[in-house]
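Trainee: What follows is a structure written as structure tokens; I'll ask about it next.
The values are calculated or read from the model by the stated rules, or taken from the named source; none is laboratory data. This is a predicted model, so every value here is computed, not measured. So basically every Cβ, Gly included, is an ideal-geometry build from the backbone, and we count neighbours across all protein chains shown. Heads up: the accessible areas ignore ligands, DNA and RNA and are worked out on the full protein's heavy atoms, side chains in. Shrake-Rupley method; radii C 1.70, N 1.55, O 1.52, S 1.80 Å.
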Amino acid sequence: MAWVYLVVAGVCEVVWAAGLKASEGFSRPVVSVVTVGVMVLSFVLLAQAMRTLPLGTAYAVWTGIGAVGAALVGMVAWGEPANAPRVGCILLVVVGIVGLKLSTGTAGR
């Protein structure tokens, strides 16, 4: 269950990162409130995952999901560059996330 919490926490990180951009510096009240709510949810879920997963693994996977997801959302929603070097680096982060998951063993299952 810890891995489920962690993946959902990572998805929430992507949502709140996009929400920060969409809030335009917290000048849009509804978007800002939703963003802060999703931030809190992301941290709560990360904390739950860390009850059984190693700190380094949980934090790295959480930030990795957030970084990859935010980069992809930026490319799709805000037209940020999607050139080969950027996509290649995103793939390297994904490989790192998968490697951490595989090397953690049975902890947190």
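Trainee: Give me the residue from segment 57-81 that is over 14 Å from the mean Cα position of the chain (by Cα) and without any contact (Cβ under 8 Å) to a residue 40 or more places away in the chain and, out of that set, farthest from Ala18 (Cα to Cα).
Mentor: Pro81
Trainee: Quick check: is even one residue across segment 16-37 hydrophobic (A, V, I, L, M, F, W, C) and part of a loop (DSSP other than H, G, I, E, B)? First the steps, then the outcome.
Mentor: At the first step, the residues of segment 16-37 found to be hydrophobic (A, V, I, L, M, F, W, C) are 16-18, 20, 22, 26, 30-31, 33-34, 36.
Now drop any that are not part of a loop (DSSP other than H, G, I, E, B), which leaves 26.
Looking through segment 16-37, at least one residue is hydrophobic (A, V, I, L, M, F, W, C) and part of a loop (DSSP other than H, G, I, E, B).
Trainee: Being in contact with a helix residue (DSSP H, G or I) (Cβ under 6 Å, 6 or more places away or on another chain) and at pLDDT 95 or above narrows it down to one residue among Gly74, Gly66; which is it? Talk me through it step by step, then tell me what you get.
Mentor: Working: Gly74 fails: in contact with a helix residue (DSSP H, G or I) (Cβ under 6 Å, 6 or more places away or on another chain).
One residue alone meets the criteria, Gly66.
Trainee: In addition: With respect to the numbered conditions (1) more than 15 Å from the chain's Cα centre (by Cα); (2) assigned to a helix (DSSP H, G or I), which one is the sole condition not fulfilled by Leu53?
Mentor: (2)
Trainee: Restricting attention to segment 7-28, which residues are farther than 16 Å from Ser42 by Cβ and of a type in the set (S, T, N, Q)?
Mentor: Matches in segment 7-28: Ser27 only.
Trainee: Could you grab me the full set of residues in segment 6-44 that are over 12 Å from the mean Cα position of the chain (by Cα), under 25 Å from Ala58 (Cβ atoms) and hydroxyl-bearing (Ser, Thr, Tyr)?
Mentor: Once the filter is applied, which keeps residues that are over 12 Å from the mean Cα position of the chain (by Cα), under 25 Å from Ala58 (Cβ atoms) and hydroxyl-bearing (Ser, Thr, Tyr), segment 6-44 yields only Thr35.
Trainee: Tell me which residues, restricted to segment 82-102, are part of a helix (DSSP H, G or I) and either acidic (Asp, Glu) or free of Cβ contacts under 8 Å to residues at least 12 places away in the same chain (or both).
Mentor: If we filter segment 82-102 for residues that are part of a helix (DSSP H, G or I), which is where we start, we get 84-102.
Within segment 82-102, Ala84, Pro85, Val87, Gly88, Cys89, Leu91, Leu92, Val95, Val98, Gly99, Leu102 meet the criteria.
Trainee: Another question about this same structure. Take Thr104 and decide whether it is open to solvent by 50 Å² or more (accessible area, probe 1.4 Å), under 25 Å from Met1 (Cβ atoms) and over 14 Å from the mean Cα position of the chain (by Cα).
Mentor: No, not satisfied.
Trainee: Any residue in segment 40-53 that is buried (at least 22 other Cβ atoms within 10 Å of the Cβ) sitting within a Cβ distance under 9 Å of a residue that is acidic (Asp, Glu)? List the pairs, counting only those 6 or more apart or interchain.
Mentor: Taking only residues 6 or more apart or on different chains, the pairs are Ser42/Glu13; Leu46/Glu13.
Trainee: Out of everything in segment 3-39 that is among the small types (Gly, Ala, Ser) and either open to solvent by 50 Å² or more (accessible area, probe 1.4 Å) or at pLDDT below 95 (or both), what residue ends up being farthest from Ala70 (Cα to Cα)? Let's see the steps before the verdict.
Mentor: Going residue by residue through segment 3-39, those that are among the small types (Gly, Ala, Ser) are 9-10, 17-19, 22-23, 25, 27, 32, 37.
After this cut, where a residue has to be either open to solvent by 50 Å² or more (accessible area, probe 1.4 Å) or at pLDDT below 95 (or both) as well, the list is 25, 27.
Values: Gly25: 17, Ser27: 21 Å.
Among those that are among the small types (Gly, Ala, Ser) and either open to solvent by 50 Å² or more (accessible area, probe 1.4 Å) or at pLDDT below 95 (or both), it is Ser27.
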